[in-house]
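Structure record follows, encoded as structure tokens.
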Ligand code: VG1
Ligand code: CO
């Protein structure tokens, strides 16, 4: 066995974003690109000698090749044990679970989430820590620093590992253990949810479509929904993970999961529609004729979670990312529990979860999860909704209507402008920043600004401060607009505009969010000049 020390030099731009390093696949495939970053991870976390690491990804193009390099580099760095999902596959929440359950030092998760895969698509890699969650800002800063002074990387000169066969094999001095990626996760889900009650609901004729979008959740959904809960075969569609996601865009939003949304709006709709994303951490839940926005889903789960087996003790607290709507805040208030507002990205929930300050967290970007792992968890959210329906004996539409009647409705939408010229986006944000002092009191498209700032977060557990997390503009009548630049895009800048308005009157809770938010949308344009500056007629994606 030979350890090769390969001379290299720093590569620009290896700065981890909202969720690890995401780039075009072709960039990741450049000689040394992946290797440099992996070595920077190992060095940035203080070395992996003698440690156990979990490795797996969402199965996209280049997943297997990248895993071979990672395993050979981890072995060369002295790692003791490498736990790999069979076929190189792990959904992000399942990897988080295995890290925790096996007491691993951390894990390398290969995914560009909901972005398309393939040679023309995107690829990504992130490091998760021993708690199962994405590396903290302090750790990613350390990793980034290493990418800037790297001079060589170490890799074992050996044949590839067979990722298809379960069991242990030697790789240099390390042990590679290939595991069933679904097994531990399925056990965890059965601990948290009342599988008997859900199975009885399916046996009673409850119908569902789960769209796995040819991505990582397929095998998990098949095994759990159809295998253990007795949902009829065919409940899970697009269940086989494919390197290019079948040519699709594995994002469960109304644009890319349009077929599911159309079905749920049609007379043939089953009782429940659901979908997950590329790496299985996002979810969308749709009732018959009743799509549920992710922000509302978080609020509704918060209100009913105690009905599920694993949450009967109630919630210690909840957390939402800043751009997520205030719907969950109202539930927390009623429950008398704290509600934390964090920057975008799951890494900011880790400390709160570890400290036992929150049980449930969520993001407007179709992310919901709890303290069972340290990632958002798509299938978990779907099972939670199934469990809640089984106990409440109500449809999703009924649960949603009851929630709005009790708590009011927070109308919400997000408008994304993709692949915007990065300089134009930066100027737009900076121009808004210069107006924080003068905006309050001004009239914008009929709404009066009450406050404006750039969101900054002080972690209540370790005191770390994160600044520049998005521009918030509040109006006197309770509306809010947030402007933020995406930290996961791989082309130019993506400008996200988050818009919301609270409606207390139950009689006005129905209806279309775009219409209800028309004045807020107009105010956002008047404030930012986004369309004018970009020459766009409207957003690329509306969720
Ligand atoms: C987006 C979402 C954010 C989410 C992140 C990772 O980030 O807005 O809420 O945590 O993706 O999700 P950004 O910086 O592009 O807005 V996933 O499913 O990639 O792991
Ligand atoms: Co994802």
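The values are calculated or read from the model by the stated rules, or taken from the named source; none is laboratory data. From a predicted model like this one, the values you see are computed outputs, not experimental measurements. Because the Cβ atoms are built from the backbone with ideal geometry, glycine has one as well, and the counts that use them run over all protein chains shown.
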Subject >> Selection from the stretch 197-231 of residues that are closer than 12 Å to residue 390 by Cβ and part of a helix (DSSP H, G or I) >> reply: 197, 198, 199, 200, 201, 202, 203
**OP:** Scan (1) in contact with a helix residue (DSSP H, G or I) (Cβ under 9 Å, 6 or more places away or on another chain); (2) crowded, with 18+ Cβ neighbours inside 10 Å for the single condition residue 514 breaks and write down its number.
**Re:** (2)
Subject >> Among (1) modelled with pLDDT under 95; (2) within 30 Å of residue 124 (Cβ to Cβ); (3) out of contact with any helix residue (DSSP H, G or I) (no Cβ under 7 Å at 6 or more places or on another chain) - the single one residue 437 does not satisfy >> reply: (2)
Original post:
If you go through the stretch 401-421 one residue at a time, do you hit one that is in a helix (DSSP H, G or I) and touching a strand residue (DSSP E or B) at 6+ places or on another chain (Cβ under 6 Å)?
Top reply: no
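Report yes if some residue within the stretch 381-390 is in contact (Cβ under 8 Å) with a residue 60 or more places away in the chain and within 16 Å of ligand 2 (Cβ to nearest atom); otherwise report no.
yes
Yes/no per residue for (1) modelled with pLDDT of 95 or more; (2) more than 29 Å from the chain's Cα centre (by Cα); (3) under 30 Å from residue 505 (Cβ atoms):
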position	(1), (2), (3)
385	yes, no, yes
390	yes, no, no
394	yes, no, yes
404	yes, no, yes
407	yes, no, yes
410	yes, no, yes
418	no, no, no
444	no, yes, yes
**OP:** Go through the residues of the stretch 484-498 one by one and say whether even a single one is touching a helix residue (DSSP H, G or I) at 6+ places or on another chain (Cβ under 6 Å) and modelled with pLDDT under 90.
**Re:** yes
Original post:
Which of the residues that make up the stretch 377-400 are farther than 30 Å from residue 497 by Cβ and not in a helix (DSSP H, G or I)?
Top reply: 393, 394, 395
Original post:
Inside the stretch 251-296, can you point out the residues that are at positive phi, buried (at least 19 other Cβ atoms within 10 Å of the Cβ) and away from ligand 1 (no atom under 16 Å from the Cβ)?
Top reply: none
